[in-house]
Structure formats: C-alpha cells, structure tokens
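One structure is given here, and the rest of the page talks about it.
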Amino acid sequence: MAKRKGKGKGFSLGGGGGLGLPGGMKGGLAGQLQAMQQQMAETQEALGSETVEVSAGGGAITVVITGHQEFKSITIDPDVVDPEDVEMLQDLVLSAVNQAVKASQDMATERMEAITGGLNIPGLSGLL
C-alpha cells in the first residue's frame, strides 16, 4: 500500500506568495509571471493614450484612434465633399476607419508581444 509522505512536496498552487515548486524554486516562476502581468496591465493602460493616424483617399480622410480603439478624430478634406457622389465619401470614410482599427489592433498586439515574447498565453487575447 502506497503512503503519502509529508505535506507540501511536489507541485501545489497554495498560498504563501508563489508556486510550491520542488527544489527550492519557490517564487521564481511566480515572480516572473507576476512581473509580466504587471507589465501587461501597465501597457494596456498606456495604450489608451497612444494613438495612430491613418489616411485614405490620398489624405482626403484622416482618422486618429487610440490603442483602446477609441476614435479621437475623423477629418474630411472639404474638396472631397461632392453632394453628387456621397457614396464615394462613405467608402473613403469606411476604408479609413477600418484601416485605423486594424492599425490600432496591430499596435496593441506589438506592445503585448514585446512583453510576452510572442508566447501564446490563453486569455491574453481578451486584453488586446
């Protein structure tokens, strides 16, 4: 009959400030993960004040968006406003907005990958 020897041996997720890893590695990995989590939170917050600017139609439409996908401005060159061709203006605005969202998402992904080293961490996509 097998007997368990002592408590706390092996791998546990108990309290006390870290992972209960064998061999005296307590806190090393947990500390690194905690530091990464803190960096990710700080980066996510900073993305709210970082912006990207995208133009469409040769500069006819300019969109500024934050890393949180909040639009700051949409500028339309008055020379492209043609009451006879509203559809073209709508297409330009749509194109600029889509490009801006993509650029904002790419910026957020790039910032987070700089922290994670490109690791595929489950649940990370919810932060982006």
Exercise. Give the residues of the range 64-110 that are loosely packed, with under 14 Cβ neighbours inside 10 Å, outside any helix (DSSP H, G or I) and acidic (Asp, Glu), sorted by residue number.
Key: 70, 82, 84, 85
Practice problem: Filter the range 49-81 for residues that are touching a Leu at 6+ places or on another chain (Cβ under 7 Å) and without any contact (Cβ under 8 Å) to a residue 12 or more places away in the chain and give the result. | Solution: 81
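Each value in this text was obtained by applying a stated rule to the coordinates, not by laboratory testing. Owing to the predicted nature of the structure, the values given are computational and were not obtained by experimental measurement. Backbone-built Cβ (ideal geometry, glycine too); neighbour counts: all protein chains shown.
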